[in-house]
Each structure stands twice: as C-alpha cells, then as structure tokens.
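Working notes for the structure below.
The values are calculated or read from the model by the stated rules, or taken from the named source; none is laboratory data. Note that the structure is predicted; figures quoted are calculated from it, not measured. Please note: Cβ atoms are built from the backbone with ideal geometry, for glycine as well, and neighbour counts cover all protein chains shown. These accessible areas exclude ligands, DNA and RNA; they are computed on the full protein's heavy atoms, side chains included. Shrake-Rupley method; radii C 1.70, N 1.55, O 1.52, S 1.80 Å.
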Amino acid sequence: MSEPGGSVRVLVTGGSGLVGRAIQEVVADGAGLPGEDWVFVSSKDADLTDAAQTRALFEKVRPTHVIHLAAMVGGLFRNIKYNLDFWRKNVHINDNVLHSAFEVGVRKVVSCLSTCIFPDKTTYPIDETMIHNGPPHSSNFGYSYAKRMIDVQNRAYFQQHGCTFTAVIPTNVFGPHDNFNIEDGHVLPGLIHKVHLAKSSGSALTVWGTGRPRRQFIYSRDLARLFVWVLREYNEVEPIILSVGEEDEVSIQEAAEAVVEAMDFHGEVTFDTTKSDGQFKKTASNRKLRTYLPNFRFTPFKQAVKETCAWFTQNYEQARK
Amino acid sequence: MAWARSPQTQDRRPNHVSARGAVNMSEPGGSVRVLVTGGSGLVGRAIQEVVADGAGLPGEDWVFVSSKDADLTDAAQTRALFEKVRPTHVIHLAAMVGGLFRNIKYNLDFWRKNVHINDNVLHSAFEVGVRKVVSCLSTCIFPDKTTYPIDETMIHNGPPHSSNFGYSYAKRMIDVQNRAYFQQHGCTFTAVIPTNVFGPHDNFNIEDGHVLPGLIHKVHLAKSSGSALTVWGTGRPRRQFIYSRDLARLFVWVLREYNEVEPIILSVGEEDEVSIQEAAEAVVEAMDFHGEVTFDTTKSDGQFKKTASNRKLRTYLPNFRFTPFKQAVKETCAWFTQNYEQARK
C-alpha cells in the first residue's frame, strides 16, 4: 500500500478490544509487511468522543490508513436501556475519526459495522445492499443507526471528495480479550464466563432466553486476517460482510453446548425463558467475500471455542468482566 | 382552533385548557419561553408574524434567534445560547438547506453540518431542562421506493432519494434521536413534517433555493429583461405546497397540543397536489407575465412525487383551513416584488 517515497502507517482505533487485539496478534505473527508501521490506540490515548483530542491524535500519529474499531458497545440488555447514549457517543466517535482522517489526508479508512444493524423485517440471507432497507430491531436502535450512519458518511466522503472510506460487517465475533461481563457482554463470552462460575460454585448453567435464536459466529483471529486483507485489497465504498457461510449458523443452545464441552462442564443446563431472545436470526450471506476469496479457511467453530475458553481460564484474573 | 384568550381568563395551572380551548403550557409559578432557532428563515419569520398577529398567549415569551446569535454547529456556542435564553420550549428550524442542485454536490456537508446542529440543539435543550422540542423534518427525506401516499410511520422504511441522501439522513436522525431521548429519559421531543413550504422571506436564489421561490425570481427577471421563463426539468413532478403562514399557525398548535414523539405531517391534502408546471402557471398569472415559458429537460427533475397523507393532522384538526394556493402565491409574489432589494437571493 506504500507509495513512492512514502511509507504506510496504519492507525487502529479500539486497539485494545476484542478485534483490535486479534489484529495486533496476526500482524505480529507475520501478517504485517516490511515498511508498514502499525499503531494501536485505545481510550487511554484519546477520548474519541472529543473532537479536539481525536484531531490531536491524528496529527500526532499521521496515519496513511485507518482501521476504525472504537465504539461504545454492549450486549442486548444494556443496549435496550441506553439508546440515547449508544446513538450519541458512537456518532461522535465516528464523526471525529472519519473527519480527522479526512483532514490529515488518510488514504483509506476501514470501519466496522455489525449484522445486528440490518432491518428487522427482512428476507434472508441478508447482504450488503440491504443495510438501509427498513428500521433495525427496536432493542438497540440507537447503536444500530449510529453504525448505519458510518456507511452514509463513507458514501458522502466518496461523493463529495472521492475518498475511499469503507466498512466491513462481521457477524458475531468472539475470541480472547473479549468483554466477558455477563450483564454487558455478548452471548458467547457471557456463556463462557457463566460456565466458569458454574463450575467453581457447583451450580447450574442458566442460559438467558430460549436458546433457539441462531447466529453465525466468526473467530476474532479469522476476522483479523480478513481485516488486513480488506485494508490492502478491498476498494469498494459499499461494505463487505465478513462471516462464515450460512451453512455454519448455530443456535444459542448449540453454542452453549460447545462451551460446555470445551470447558468440560457436567452440571445442569437450564434456559431462563423470561429473558429476551433478541433477534431470532440474522443470517448473512458471505457471497461477496467468497467471490473475492474463494479459498479462505475459517477456524472450525469448536476449535475456536476451545481456544477462547482456554484463554479465559488461563487469563481469568485480568480478563475484562 | 381557538387560542385567543382574554386576560381575565389567565390561569397558570399545569396544562390548563382555557375557556376557549387553547392549552396554557405554563406551570405554577413559571412562565413559558419559546426559543425558535432558524428564526430569520422562511418558517421562522412566518411564526414571528403569526405570534405578533395574535397567536401568542399572555405569559409567553417568544425568542427568535439566527446564525447571528450563535453558530449552532458549535456545541459550546449552542450551550451558551441555551443557558442565556433558558427556554422552556424550543421550535428547532435551523438547518443547512438547499434546493436539489446544491444538495447533489455536497452530501457530506449537508450530512455533517445538520447532524451537528441537531445534536447540539437537542442536547442543550435536554441539559437545560426544556420541556418540549418541536423539530422540523421534510417530506423529501422519505424512502425513494415507496407506496403513496406516504405517512408518518414510513420515514425509515428504505433509503431516501440518492440526490440528497446527506440532508435526508440528517433529518431522519432527528426522529431517531427524539425517540432515544424519550426511551432513555422520557423527554417529549418531537417533530413535524411539512411538504414544500413557500412564502415571504424565503431564499429566492435560483441556484440554491427551492422550486417555487426560484420560479418567482425567474419570472421577475424574465419580466425585467423581456426574456422567456425557463423552468428546470420537465414540469411534470408533483408537489403539495404549504404556505408558510399556514405552517406557522400549525407549528404553534403542535407546540401547545401535540404530545406524541412520532412526527406529524403538516400539509394540504392529497387532492391539492400540483405539478411543477401548474405551479409555474400560478406564478406567471400572479405576476402578470406574458412572455414565453419553456422547460429545460436537460435539468434533473428530482423525485417525481412525494404525495403525503395529512390524515393524522385532520384527525386532530378536522376544520383547519389552508390559504388557497393561488392566493398564497399571489401574496408571496407581491412580497417579493415589494421587497426585491432586501430579499435573500
């Protein structure tokens, strides 16, 4: 990606999060190229909801490329109560990052959307053209609209200034360094933490909801390898879904069973059906990805779950929870 | 719709409905101060006039501000304005607006500036405890692919027309943010959705303005120079036009009596939709123009139709009477001719 006389400096916002840490690891493991400088920042380095701090960060780092992962995120139960905060904070972060990138002449920005932002009433599988075809699920409309507006703003930068600002759309990501908080976190890390606690205390595992909703899970390391590929070779402004195929969709119950098996849990498993299920399905098509990368191999689900559970057990003290 | 009250019936109980049916928004020991952003614009000036002409109630203080008073794209300036004025209610009209041709080229600016303005105004209002905010959307923000007539439930049902997606999404997000303030904090922040507004004090700039003021200015110039009137586009697209004074009267009603968070369309009925050609003819007639009228079909038409249902409005106000279109056009043309020097153009 470097140009004559220039080098490549990639700024990764949200660098200490689930996906950011995975990108750090795959870059360190050899995905980085000579001449590339990768800079990972987190909220310690700048408060991205603050325009001046964000601008100062961009002027200090002077990136040529940006992977923008920073966001205010939360699981279903937190999103439901704080739609205003999820809307405002994320709009501020995204506007500050995109506009600072524009002002310092960044050549490419790859932001991160999510399949949970798609229209609630839709046909399946969903694809990249459908993002704005109707309102998102009401439970997290603040977060969903803020993410959708990244795509709107990307298209506006392209229309008015010709910038290559684009985005990826992962399905449910999981892996080491996740937020394993049971109240605020996402379903798979929540299950891992719950099984850990259930084992320690000899109690049952209670899964929230019916266990019937279905999800495509993508291992953070696989997502990280794909992010690096997108940064280098994907030049459309329209986003790209990064996901395992439809055939690899699993139910929450099956995901729970994979965790139970990986952590060798032998206690009772119950389902608290008074808790909300969230969206029943969000089946996404990875056809566009497969058109570009027909031979990309995802880590098998059970293996990825096993690695994540092992990481959590080994790093329990310092894990975010 | 009765809202004139005699001083003897003044009453400061919460939400007291006066003897003649108007809701008094004041609370015990408090007064009402309405801050109107975008106060010097087309709609803001119309509200100023209807309030001065008697729509205001005793105990109400109406404060009209414009970009001279604060740059609303700046959070600090906006907050300072709200702390200085200390409004109890807000009518939020301020926006970066433009006609079709300008919107097409500057989608980023229309998106960003308007998002900043709206966020600054709504959040400052929230922080100083404003009881109600009425913002202003537009029928041009509705989904491009849609059934007709459009209604208030359809705003987010698909992407807007691509020509002005930046502006459209920024306006749509007012509704999202209103619902978020209600969900998280119980605030009554709502919005109205006018169709094409026109009237005195509009932006009559031919490049940047909207279709009706643009036509009025063009006819004025055509008369002065003895040339033809060239209408951009085919003249076939159809629009519902609402006179600014009618919209202003309705805005005051919404501020006082409409308490849903879901927006409300403010428009003449579907039966009063006219084509751009018919609108041009109304201007030609009002200004007594006798030259040639041609259509430049190389220019973009924009959306073909945006027919909106005013059923919700009619459910609340079955007897509201709109100024007849030709009369409103005549009044607007007369204003423009008399105020040509200082008119925005």
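Some points to look at:
- Sole exception among (1) modelled with pLDDT of 95 or more; (2) more than 10 Å from chain A (Cβ to nearest Cβ); (3) in contact with an Asp or Glu (Cβ under 9 Å, 6 or more places away or on another chain) for B:V115, by number: (2)
- In segment A:15-32, residue nearest to A:S220 (Cα to Cα) [restricted to those that are part of a helix (DSSP H, G or I) and among the small types (G, A, S)]: A:A22
- When B:V176 is tested against (1) in a helix (DSSP H, G or I); (2) within 13 Å of the chain's Cα centre (by Cα); (3) closer than 30 Å to A:Y82 by Cβ; (4) β-branched (V, I, T), exactly one condition is not met: (2).
- Selection status of A:F165, assigned to a strand (DSSP E or B), aromatic (F, W, Y) and within 14 Å of chain B (Cβ to nearest Cβ): yes
- Filtered residues of segment B:101-112 (kept if of a type outside the set (S, T, N, Q) and either crowded, with 22+ Cβ neighbours inside 10 Å or within 14 Å of chain A (Cβ to nearest Cβ) (or both)): B:R102, B:I104, B:K105, B:Y106, B:L108, B:D109, B:F110, B:W111, B:R112
- Odd one out for A:F158, checked against (1) on the phi < 0 side of the Ramachandran plot; (2) open to solvent by less than 10 Å² (accessible area, probe 1.4 Å): (2)
- Members of segment B:71-91 found to be within 20 Å of the chain's Cα centre (by Cα) and buried (at least 23 other Cβ atoms within 10 Å of the Cβ), listed by number: B:L72, B:V90, B:I91
- Condition check for B:G158: under 28 Å from A:D95 (Cβ atoms), within 14 Å of chain A (Cβ to nearest Cβ), part of a loop (DSSP other than H, G, I, E, B) and in contact (Cβ under 8 Å) with a residue 12 or more places away in the chain: yes
- Helices (runs of 4 or more DSSP H) enclosed by segment B:233-345 - at least 1 residues per element that are hydrophobic (A, V, I, L, M, F, W, C) and farther than 20 Å from B:P200 by Cβ: B:244-257, B:276-286, B:311-316
- Exactly one residue out of B:N114, B:N107 is more than 17 Å from the chain's Cα centre (by Cα) and within 24 Å of B:P213 (Cβ to Cβ): that is B:N107.
- Among (1) within 21 Å of B:R311 (Cβ to Cβ); (2) open to solvent by less than 10 Å² (accessible area, probe 1.4 Å) - the single one B:F241 does not satisfy: (2)
- Any hit, segment A:176-194, residues being touching a Cys at 6+ places or on another chain (Cβ under 8 Å), of a type in the set (A, V, I, L, M) and open to solvent by less than 20 Å² (accessible area, probe 1.4 Å): yes
Yes/no per residue for (1) out of contact with any helix residue (DSSP H, G or I) (no Cβ under 9 Å at 6 or more places or on another chain); (2) surrounded by 20 or more Cβ atoms within 10 Å (Cβ to Cβ); (3) hydrophobic (A, V, I, L, M, F, W, C):
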{"site": "B:R236", "(1), (2), (3)": "no, no, no"}
{"site": "B:R245", "(1), (2), (3)": "no, yes, no"}
{"site": "B:V252", "(1), (2), (3)": "no, yes, yes"}
{"site": "B:E257", "(1), (2), (3)": "no, no, no"}
{"site": "B:E271", "(1), (2), (3)": "yes, no, no"}
{"site": "B:Q277", "(1), (2), (3)": "yes, no, no"}
{"site": "B:E281", "(1), (2), (3)": "yes, no, no"}
{"site": "B:D288", "(1), (2), (3)": "no, no, no"}
{"site": "B:F295", "(1), (2), (3)": "no, no, yes"}
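- Taken across segment B:198-217, residues that are within 11 Å of another protein chain (Cβ to nearest Cβ), touching a Cys at 6+ places or on another chain (Cβ under 9 Å) and in contact (Cβ under 8 Å) with a residue 12 or more places away in the chain do not occur at all.
- Of the residues B:V133, B:V121, the single one that is within 20 Å of B:G44 (Cα to Cα), in contact with a helix residue (DSSP H, G or I) (Cβ under 8 Å, 6 or more places away or on another chain), more than 11 Å from chain A (Cβ to nearest Cβ) and assigned to a helix (DSSP H, G or I) is B:V121.
- Filtered by the rule that a residue be of a type outside the set (V, I, T) and open to solvent by less than 20 Å² (accessible area, probe 1.4 Å), segment A:117-127 gives A:F118, A:P119.
- Segment B:136-152: number of residues that are at the interface with another protein chain (Cβ under 10 Å from one of its Cβ atoms) and open to solvent by 10 Å² or more (accessible area, probe 1.4 Å): 1
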